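Student: Got a structure for you, questions after.
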Amino acid sequence: MSARAPELLLRVVLMVSLVLAISIPLVWALTRPARDAGMLPSVQATASPQPTTADQSEPPPNDGAAARVAGATAEAEPQRATRSARIGDLDQAPAPVPERMRIPSLDVDASVVSVGVTGDDDMEVPNDVRDVGWYRHGPSPGEPGAAVLAGHVDSREQGRGVFFDLRRLDVGSRVVVTDDTGDVQRFEVVARRTYDKPRLPTDTVFSRAGPSQLVLITCGGDFDGEAGSYRENVVVYAQPVGAQG
């Protein structure tokens, strides 16, 4: 028996290694959030109106530009940390202005800052990865159309961003937005989608018509070292609590 002990021990070690090799990828696959969840809300995408009070400090982006989100990452160039989404129009800044956003299920309680577009025709995102950027040329939360809030997933210099766990936000979760008048808007998540950046549906994400909805955007998927950004966008759609459809 003693002569066979090393052989038996080797067999046990091999069996344990085999079990770990199978179980670890299986656990990862089972716990990884699904790319898509829930049903998309009904929205009415219309042609964007001509700006009435355009911000003269920002050049209007090109019409028909494809939207994309490019958050900062551990390998991203610093300038890419301030770029989030290409948009195809410019409109007057609506009021009231959102100032704070909470997602209780993700333990997120963040300041909201107003953002516009960069000289490269990209939607700005806050320099601080702990903040959320509200696209001020679109609707305000609670108004008709889609109010867009974008945030970082992570940053090389600052670490995890405010939307690091957005890809795990479940349907039915609540999002609470407080504006500068003190009013509180409560939304319920109805869908989560992951898009390749070139395929981000801008007509839906930046819709100015139809029922009120809240759209949260960040980066996701694999990191493209050559491009300095993630390959995908994680988009969460939410409707006012009690809304139908």
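Student: Check whether at least one residue in region 230-245 is hydroxyl-bearing (Ser, Thr, Tyr), assigned by TED's automatic domain parsing to the domain that holds residue 130 and touching a helix residue (DSSP H, G or I) at 6+ places or on another chain (Cβ under 6 Å), and report yes or no.
Tutor: no
Student: Mind listing whichever residues of region 183-205 are over 22 Å from residue 173 (Cα atoms) and either among the basic types (Lys, Arg) or crowded, with 21+ Cβ neighbours inside 10 Å (or both)? Lay out the reasoning, then the answer.
Tutor: So in region 183-205, the residues over 22 Å from residue 173 (Cα atoms) come out as 196-203.
Scanning region 183-205 gives 197, 199, 200.
Student: May I ask you to say which residue of 81, 70, 110, 74 is small (Gly, Ala, Ser), within 18 Å of residue 160 (Cα to Cα) and at pLDDT 95 or above? Step through it out loud before you land on a result.
Tutor: On the way: 81 fails: at pLDDT 95 or above; 70 fails: at pLDDT 95 or above; 74 fails: at pLDDT 95 or above.
The unique qualifying residue is 110.
Student: Another question, then. Could you grab me the full set of residues in region 110-126 that are among the β-branched types (Val, Ile, Thr) and surrounded by fewer than 20 Cβ atoms within 10 Å (Cβ to Cβ)? I'd like the intermediate steps shown before the answer.
Tutor: First pass over region 110-126, keeping only residues among the β-branched types (Val, Ile, Thr): 112-113, 115, 117-118, 125.
Within region 110-126, 113, 118 meet the criteria.
Student: Continuing with the same structure: Which residue out of 154, 222 is more than 16 Å from residue 97 (Cα to Cα), loosely packed, with under 15 Cβ neighbours inside 10 Å and in contact with a strand residue (DSSP E or B) (Cβ under 8 Å, 6 or more places away or on another chain)? Explain how you work it out, then say what you get.
Tutor: Details: 154 fails: loosely packed, with under 15 Cβ neighbours inside 10 Å.
Result of the check over 154, 222: 222.
Student: Sort out which residues of region 191-245 are among the acidic types (Asp, Glu) and free of Cβ contacts under 8 Å to residues at least 40 places away in the same chain, and write them in order of number. Give the steps one after another, and end with the answer.
Tutor: First, the residues of region 191-245 that are among the acidic types (Asp, Glu): 196, 203, 222, 224, 226, 232.
Listed by number, the residues that qualify are 196, 222, 224, 226, 232.
The values are calculated or read from the model by the stated rules, or taken from the named source; none is laboratory data. Just so it is clear, the structure is predicted and the values come from calculations on it, not from any experiment. When we count neighbours, we look across all protein chains shown, and the Cβ atoms used for this are built from the backbone with ideal geometry, even at glycine.
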